[in-house]
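**Student:** Dropping a structure here in structure tokens format, bear with me for questions.
Throughout, read-outs are computed from the coordinates displayed, never taken from laboratory work. Just so we're clear, the structure is a prediction, and the values are computed from it rather than from any experiment. Backbone-built Cβ (ideal geometry, glycine too); neighbour counts: all protein chains shown.
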Amino acid sequence: MTNAQWVDEAAGPVVRPYAMVRGRTRNEGYFFDLVAFVVATVDTLQYEVEMQPEHRAILALCRSPRPVGEVAARMNLPVGVVRVLLGDLFNARAIRVRQPADPAARPSVRMIREVLEGLRAL
């Protein structure tokens, strides 16, 4: 490969996404749904995970709760890479995750329509 293939004039050196996560395609023990909310519990990690700039960026981004899909979009990284990075942070207890509500626990469309009709009748 030539040097031109690894350098972008505007962005600088290009790092392949799988290199950021050392070739891992899954995190250990936790699946992050795209609509699950992630919030940082610490500002920086004191130990444990080899902190990469992407870990720090996720912690800074997630000072307020954000969905996994938004984290990936704002970091301009593939969702798979972000899930692995989030897994590192989750295992280090640096983030909390709130999964979306179970669809079975939501009210049915029929129930919502009945409530709406009742409100209109008032």
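**Student:** Which residues, taken from region 83-105, are under 12 Å from the mean Cα position of the chain (by Cα), more than 12 Å from Leu59 (Cα to Cα) and outside any loop (DSSP other than H, G, I, E, B)?
**Tutor:** If the condition is that a residue be under 12 Å from the mean Cα position of the chain (by Cα), more than 12 Å from Leu59 (Cα to Cα) and outside any loop (DSSP other than H, G, I, E, B), then Arg83, Val84, Gly87, Val97, Arg98 are the ones that fit.
Okay, residues lined up against (1) outside any loop (DSSP other than H, G, I, E, B); (2) touching a strand residue (DSSP E or B) at 6+ places or on another chain (Cβ under 7 Å); (3) surrounded by 13 or more Cβ atoms within 10 Å (Cβ to Cβ):
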| position | (1), (2), (3) |
| --- | --- |
| Glu50 | no, no, no |
| Glu54 | yes, no, yes |
| Leu59 | yes, yes, yes |
| Val81 | yes, no, yes |
| Arg113 | yes, no, no |
| Leu119 | yes, no, no |
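**Student:** Another question about this same structure. Kindly list, by first and then second residue, each pair from a residue in region 78-97 that is touching a residue at least 12 places away in the same chain (Cβ under 8 Å) to a residue that is charged (D, E, K, R) and part of a helix (DSSP H, G or I), limited to pairs with Cβ atoms under 6 Å and residues at least 6 apart or on different chains.
**Tutor:** Matching pairs, first to second residue: Leu85/Glu54.
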